2 protein chains.
Amino acid sequence: MYPNWLMKRAQLTGERVGLSWASEEWTFAELDVIARDLAGRLVRLGVQRDSRVALLSKSHPDFVFMMHACLHLGCEMVMLNERLTEQELIYQVQDCEADTVLTDDANAERLNTVNKLLFSTIKEAVPAEVEIQREWPVDRVVSIMYTSGTTGFPKGVKQTAENHFSSAIASSLNIGLGARDSWLCMVPLFHISGFSILMRSLIYGAEVRLYPKFDAANASDELIQGNVTHMSVVGVTLARILDELDNRQMAVSPNFRVMLAGGGPVAVSHIERAAAHGINVLQTYGMTETASQTTTLSPEDAADRPGSAGKPLFLYDVKIGAEDEILIKGPHVTAGYIGRFADVQPTEDGYLKTGDIGRIDAEGFLYVLDRRSDLIVSGGENIYPAEIENVLTGHPAVLEAGVCGIRDGKWGEVPAAFVVADTISAEELDAYCRERLASYKVPKRYSFVRELPRNASNKLLRRELKTWN
Amino acid sequence: MYPNWLMKRAQLTGERVGLSWASEEWTFAELDVIARDLAGRLVRLGVQRDSRVALLSKSHPDFVFMMHACLHLGCEMVMLNERLTEQELIYQVQDCEADTVLTDDANAERLNTVNKLLFSTIKEAVPAEVEIQREWPVDRVVSIMYTSGTTGFPKGVKQTAENHFSSAIASSLNIGLGARDSWLCMVPLFHISGFSILMRSLIYGAEVRLYPKFDAANASDELIQGNVTHMSVVGVTLARILDELDNRQMAVSPNFRVMLAGGGPVAVSHIERAAAHGINVLQTYGMTETASQTTTLSPEDAADRPGSAGKPLFLYDVKIGAEDEILIKGPHVTAGYIGRFADVQPTEDGYLKTGDIGRIDAEGFLYVLDRRSDLIVSGGENIYPAEIENVLTGHPAVLEAGVCGIRDGKWGEVPAAFVVADTISAEELDAYCRERLASYKVPKRYSFVRELPRNASNKLLRRELKTWN
């Protein structure tokens with residue numbers, strides 16, 4: 001059993017700021033009051049305790065308040081990605097069988113479903129009397145996030161209270177914990193990158209310094225002014241911050257302690273540029289199934305080991321299995337999936353089968369050689385080629401399709417499609433995909449080819465495709 | 001499952017200092033090598049993996065090395081208090097049924113038992129090949145410490161890996177965690193006060209700055225030089241450090257962050273004097289059954305709430321039960337006892353029945369009004385009146401005995417005995433007790449009385465006795 005984290009923070013460090021947004025801020029005690037009030041309104045509107053609710057919202061304090069209200073009610077929260085198309089959203093809402101969908105007003109039109117509650121409707125309801133959940137079982141499902149894999153169908157990943165707690169603790173045992181930590185959050189709250197910041201905030205008693213989205217100028221302001229101590233980035237956003245700092249020629253505040261960089265290796269030159277600005281970049285290897293980080297690499301180690309993802313954190317074990325697959329064990333590993341993949345067991349002998357390919361050197365440093373299912377990491381979003389291929393082959397004119405990532409100056413990587421098709425144009429395919437895929441997943445290039453590269457057992461060779469570009 | 005903590009620290013932060021002693025120091029990697037070597041020697045001498053061993057030693061690096069070796073072998077460690085008499089030690093060694101007793105050479109003569117291994121013997125053995133225990137089950141019993149209660153018979157308290165881990169984590173969520181923390185240890189390693197420092201060191205990757213015993217001059221040197229960041233004290237040792245600092249009129253280094261004060265409330269005047277020296281005193285309420293702290297009080301809160309023990313840490317819950325008994329819940333609470341008390345269940349509905357009396361105010365601050373079984377806290381040692389009374393009434397001339405604590409300038413409290421007896425002198429009783437009780441438990445005063453204060457059901461009223469002094 002855990003105590004209700006927000007309730008406990010309100011009792012222990014109620015006067016500390018838990019959330020800030022531009023010039024507004026809320027203490028943990030205030031967040032608790034707001035969440036209790038909203039919990040009462042949700043109950044008034046028919047939301048059941050311990051039920052499963054889906055949430056669709058842009059990053060905003062209201063989104064945070066709604067999540068805290070859901071946590072107080074013991075609800076399982078399905079975190080919907082606001083960049084998805086309606087078709088993609090409907091798949092997830094149906095698969096998870098959410099009793100209710102809570103959505104901010106801006107996203108209200110994006111999803112037509114009967115069981116929808118708008119944030120404005122919730123805020124206008126009269127609060128019902130409600131007992132908040134004072135204790136959380138360790139295996140309580142706190143959040144569910146969809147991620148695709150080799151099948152191309154998004155799977156809803158369960159993240160328990162223990163997953164989030166042990167993730168926060170393992171991270172603190174690596175990077176330390178200050179009494180006045182503040183985490184700059186410019187990554188989506190519906191992703192594990194942003195959601196884990198919210199969880200750490202509750203567990204550590206730290207501030208979430210929230211922004212609607214990534215912005216290099218705002219980030220640089222925060223780093224220079226010394227309001228924040230931590231930030232999560234991916235390679236491309238780090239590069240944009242470094243460019244901004246180069247232009248300004250101003251020093252980052254010594255208050256700023258850790259820049260956590262996910263989504264694949266960061267170039268050594270960037271690490272060095274960051275160091276010159278006084279920024280300590282910790283590269284990390286994490287995923288939805290592990291409630292954020294599994295390994296991290298310190299800047300001191302980065303210079304000698306370009307491409308390494310570091311060592312597993314204190315509570316975790318990583319080993320290399322058959323066919324060089326990376327296997328992960330620890331209390332942060334998901335208990336499994338929901339919906340149509342509920343019967344799929346993600347672990348074997350206690351180890352999560354990541355599908356990623358890697359090696360571990362003699363000193364214990366992990367190198368991720370190839371991401372699972374030829375994963376494309378584009379500006380922090382994970383894109384699974386199989387999902388795009390599924391959509392493309394759904395078009396009557398398309399016989400076969402193969403997708404791979406290609407380099408992109410702004411996003412790091414973007415998807416490119418190779419299609420074996422009857423008479424159809426790239427424009428037609430693009431329009432077709434735009435209806436069915438979030439825009440970041442829509443291929444940036446279509447190449448019409450006579451056949452796709454396949455191995456003896458006819459398996460598509462996406463790595464081969466990359467050389468065709 | 002946890003990873004083997006020392007092994008993991010050697011992998012992750014192998015170059016950090018894990019232990020220091022005067023001018024010597026050992027990194028975690030070095031501690032791991034020493035412990036593996038000693039584990040091999042212990043196996044050569046017949047110590048079985050996963051067996052129960054008792055340890056008797058003064059505070060010294062060799063004692064730390066032996067504990068690490070035992071941990072590598074999966075052994076349960078019974079921590080013997082070197083201040084006990086042979087009779088007291090034999091009771092514990094027999095009750096715990098330890099397969100082996102490991103003792104430093106200085107204490108070798110204090111305990112005659114066949115299954116004894118001297119540290120010098122162990123160091124001279126030829127190491128056997130041995131596989132260390134790479135993973136620790138969360139319910140693995142790491143340590144066993146004897147503590148008395150109302151019965152007067154010491155009970156062996158089990159402390160699991162989860163007890164120690166959650167205690168370390170809950171503490172870090174309160175006081176933070178730095179990359180270069182160093183904990184000054186002048187409290188006994190066989191007590192939870194010292195043992196918990198060793199555990200935190202492994203979990204945090206922090207240094208244990210070890211001394212053979214408390215010494216106000218050495219402590220002041222360390223605080224002024226800024227080598228250490230944390231220290232554990234009790235009221236009387238804090239007072240002696242403050243006197244020393246007053247004499248020297250030198251400032252404590254800003255590196256020093258937290259002085260953790262156990263063993264009962266600290267006078268507000270001491271908190272203020274400490275603050276004037278730049279020392280942040282956190283008062284804490286803890287016990288063997290909770291693997292150290294349950295509640296702590298910050299210095300800011302101390303001024304307004306004299307006598308409070310603070311609020312329960314993040315993972316814990318405290319409530320007041322029947323007859324105002326303090327009840328404690330959390331992952332740090334003991335799984336129970338061994339030996340003759342193996343069947344005693346320490347918890348009820350998940351709450352540890354402490355036997356202590358207390359109240360909680362509207363803001364959630366705990367006040368400990370009366371310690372269990374009229375506990376006497378003397379210079380950091382817990383003394384149970386019933387245990388001394390049992391010894392006294394064992395003398396043929398003694399009809400009845402009652403013991404209570406009386407104020408003492410040096411130790412805070414010391415035991416005083418009230419005896420209903422036939423012709424016997426205080427000197428004779430003193431000699432009798434010295435044979436059977438550790439010297440700190442021997443009454444400092446004997447009063448011969450006609451009868452003892454008892455209530456209607458004939459229960460001894462020790463609180464009444466206090467007023468007789």
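Each value in this text was obtained by applying a stated rule to the coordinates, not by laboratory testing. Just so it is clear, the model here is predicted, and its values are computed rather than measured. Here the Cβ is made from the backbone with ideal geometry for all residues, glycine too, and neighbour counts use every protein chain on show.
Details
- Teacher prompt: A:Val268 distances to equivalent labels in other copies, 7 Å Cα→Cβ, nm: 6.2
- Taking every DSSP beta bridge that has both ends in the protein assembly as shown, the antiparallel portion is near 60%.
- Order of B:Asp50, B:Asp408 under a 10 Å beta carbon neighbour criterion, fewest first: B:Asp50, B:Asp408
- Amide H partners (placed H, <5 Å) of A:Leu117, local residues excluded: A:Val101, A:Leu102, A:Thr103
- Rg(Cα)/(2.2 N^0.38 Å) for region B:4-43, N = residue count: 1.18
- Closest approach to the A/B rotation axis among chain A Cβ atoms, residue and whole-Å value: A:Leu177, 2
- 4 °C / 1.567 mPa s Stokes-Einstein diffusion coefficient of the protein assembly as shown, Kirkwood radius on C-alpha pairs, µm²/s: 43
- Dipole magnitude of region A:376-466, debye to nearest 20 (Cβ charges: Lys/Arg +1, Asp/Glu -1, about Cα centre): 360
- Label geometry 7 Å along the beta-carbon vector: B:Asp99 inter-copy distances in nm: 5.3
- On the principal axes of its alpha carbon atoms, chain A extends 65, 53, 48 Å, with the longest extent given first.
- Taking the inverse of the mean 1/r over every pair of distinct Cα atoms in region B:111-188 gives a Kirkwood hydrodynamic radius of 17.0 Å.
- Under 5 Å between amide hydrogens, built in the peptide plane, is the criterion, and for A:Glu207 it picks out A:Asp181, A:Ser182, A:Trp183 among residues at least 5 positions away or on other chains.
- When the charge dipole of chain B is built from unit charges on Cβ atoms (+1 for Lys and Arg, -1 for Asp and Glu) and taken about the Cα centre, the candidate among B:Phe195, B:Cys75, B:Gln283 whose Cα reaches farthest toward its positive end is B:Gln283.
- Summary for B:Ser120: label point 7 Å along Cα→Cβ; distances to the equivalent points in the other copies, ascending, 8.6 nm.
- Long pairs among B:Lys158/B:Lys213; A:Lys123/A:Lys441; B:Lys58/B:Lys158, criterion Cα-Cα beyond 31 Å: A:Lys123/A:Lys441
- Over all pairs of different C-alpha atoms, region A:220-334 has a mean inverse distance whose reciprocal, the Kirkwood radius, equals 14.9 Å.
- Restricting the calculation to Cα atoms, region B:1-113 yields a radius of gyration followed by a Dmax of 14.8, 44 Å.
- Mean-position separation - Cα centroids, region B:81-101 and region A:426-469, in angstrom: 74
- Peptide B:170-181 has a mean shielding of 4, counted as Cβ atoms of other protein chains within 10 Å of each residue's Cβ.
- Given charges at beta-carbon only (K, R positive; D, E negative), |dipole| of the protein assembly as shown in Debye: 140
- Share antiparallel - DSSP beta bridges, region A:2-136, percent rounded to 5: 35
- Per residue, chain A reaches -9000 deg cm²/dmol at 222 nm when only DSSP H runs of four or more residues are counted, each adding -39500 (n - 2.57).
- Region A:133-175-region A:228-281 distance, computed between alpha-carbon centres (Å): 27
- For A:Val138, distant residues with modelled amide H under 5 Å away: A:Tyr2
- Note that region A:67-78 has calculated 3J(HN,Hα) couplings of 5, 4, 5, 4, 4, 4, 8, x, 6, 8, 9, 8 Hz, one per residue in order, obtained from phi through the Karplus relation 6.51 cos²θ - 1.76 cosθ + 1.60 (θ = phi - 60°); glycine and proline are x.
- For region A:187-303, a simple Cβ point-charge model (Lys and Arg +1, Asp and Glu -1, everything else neutral) yields a dipole of about 180 debye relative to the Cα centre.
- Whole-angstrom gap from region A:25-75 to region A:291-367, using each part's C-alpha centre: 33
- The share of C-alpha pairs in region A:126-249 whose separation exceeds 18 Å stands at 63 percent.
- Across q = 0.11, 0.15, 0.18, 0.21 Å⁻¹, region B:376-466 modelled as identical point scatterers on its alpha-carbon atoms has Debye log10 I(q)/I(0) values of -0.28, -0.52, -0.75, -1.00, in the order of the q list.
- Think of region A:2-136 as having a plus end and a minus end, set by charges on the Cβ of Lys, Arg, Asp and Glu; of A:Thr113, A:Gln94, A:Gln48, A:Gln48 sits farthest toward the positive end of this dipole.
- Once the convex hull of all Cα atoms in region B:58-200 is built, its volume per residue stands at 146 Å³.
- Rounded to whole Hz, the Karplus (6.51, -1.76, 1.60) HN-Hα couplings of region A:123-137, x for glycine and proline: 5, 8, 5, 8, x, 8, 5, 8, 8, 7, 6, 7, 10, 10, x
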